[in-house]
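Trainee: Quick one: the structure is below, questions incoming.
The values are calculated or read from the model by the stated rules, or taken from the named source; none is laboratory data. Because the structure is a prediction, the values reported are computed rather than measured. Note that each Cβ is placed from the backbone with ideal geometry, even for glycine, and that neighbours are counted across all protein chains shown. In case anyone asks, the SASA skips ligands and DNA or RNA and just uses the protein heavy atoms, side chains included. Shrake-Rupley method; radii C 1.70, N 1.55, O 1.52, S 1.80 Å.
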Amino acid sequence: MQPPLHRFVLAPLAEARGSALEEVQQQLEVEPSPGPALLDCADRPLTLPELRTIAATLGQAGLPLRRLEASEPLSLVPAAALGLETALHPPPAPEASGAPAAPADPPRLSIHRGTLRAGDHLQVEGSVLVLGDVNPGARVTAGGDVRVWGRLRGVAHAGSQGDNGARIVALQLRPLQLRIASAVARGPEDLPPVGFCEEALLENGAIAIRPADPQWPAHP
């Protein structure tokens with residue numbers, strides 16, 4: 001029987017009174033017994049260095065971090081990069097009323113965990129985040145952004161419904177073909193820059209590739 005997870009809960013972003021690390025350190029003052037830990041970061045965006053520091057702090061206290069839960073999909077990205085278990089909180093249920101329910105909006109961001117292999121075609125209405133590689137012969141199509149936390153070597157189509165502001169972002173952007181809205185381009189053949197993720201976007205009607213901003217793009 002596995003021991004229960006020690007739960008560390010961060011305050012929501014609107015109520016935060018300090019850094020995520022400071023909140024975890026305050027909760028450590030209770031001196032919980034050694035065992036695996038779970039971090040619930042609510043809607044707090046954590047960078048990979050921040051999460052590494054929190055994991056190291058918990059590990060020094062005998063509480064190895066095993067799982068991260070969040071209410072925002074992008075908060076799971078650094079946790080997946082560290083190999084942690086991840087879980088997304090379900091959205092709150094709408095309050096009951098006598099008025100007919102409004103039609104649900106399409107999902108802003110879909111998450112696919114795992115590598116897409118030759119023959120696979122992942123297609124979503126909004127943006128998509130792939131936690132893994134997109135191998136040659138695989139395709140990703142999204143109405144919004146295509147974001148790959150890994151190597152993009154297949155075919156990616158962002159803005160498939162005509163969104164010229166959509167982007168394609170990957171840790172290694174070497175696809176066979178890129179498409180943004182109606183524009184098409186071949187992927188670059190040179191080696192990617194060391195230490196940078198890359199993005200493709202439309203500039204003056206043509207697809208341009210450049211180093212991406214250090215923060216994962218927030219464009220829905």
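Trainee: Report ³J(HN,Hα) in whole Hz for each residue of the range 72-85, in order, from the Karplus equation J = 6.51 cos²θ - 1.76 cosθ + 1.60 where θ = phi - 60°; Gly and Pro get x.
Mentor: 10, x, 5, 5, 7, 4, x, 5, 5, 5, 8, x, 7, 5
Trainee: Pull up all non-local amide H partners of Q123: gap of 5 or more, or a different chain, and H-to-H distance under 5 Å with H placed in the peptide plane.
Mentor: Amide H to amide H, under 5 Å and 5 or more residues apart or across chains, Q123 pairs with T141.
Trainee: Which percent of Cα-Cα pairs in the range 1-84 sits in each 10 Å bin, short to long?
Mentor: 18, 57, 24, 1
Trainee: E203 to A56: FRET efficiency via 1/(1 + (r/R0)^6), r the Cβ-Cβ distance, R0 41 Å, to the nearest 0.05? Could the numbers behind the result be given before it?
Mentor: Details: r = 40 Å, r/R0 = 0.99.
Result of the calculation: an efficiency of 0.50.
Trainee: With θ set to phi - 60° and the Karplus curve 6.51 cos²θ - 1.76 cosθ + 1.60, what are the ³J(HN,Hα) couplings of the range 136-148 in order, to the nearest whole Hz, using x for Gly and Pro?
Mentor: x, x, 9, 10, 10, 10, 9, x, x, 6, 10, 10, 10
Trainee: If packing is taken as the average count of other Cβ atoms within 10 Å, what order do 176-182, 141-147 fall into, highest mean first?
Mentor: Working: 176-182: 18.3, 141-147: 25.1.
Final packing ranking: 141-147, 176-182.
Trainee: Mind ranking R66, R167 by accessible surface for me, highest first, 1.4 Å probe?
Mentor: R66, R167
Trainee: Determine the gain in length on full extension of the stretch R113-S19; use 0.36 nm per residue of separation and subtract their C-alpha separation, reporting nm with one decimal. Intermediate results must be reported in sequence, preceding the final value.
Mentor: Working: separation 94, 0.36 × 94 = 33.84 nm, distance 2.86 nm.
Between R113 and S19, full extension yields an extra 31.0 nm.
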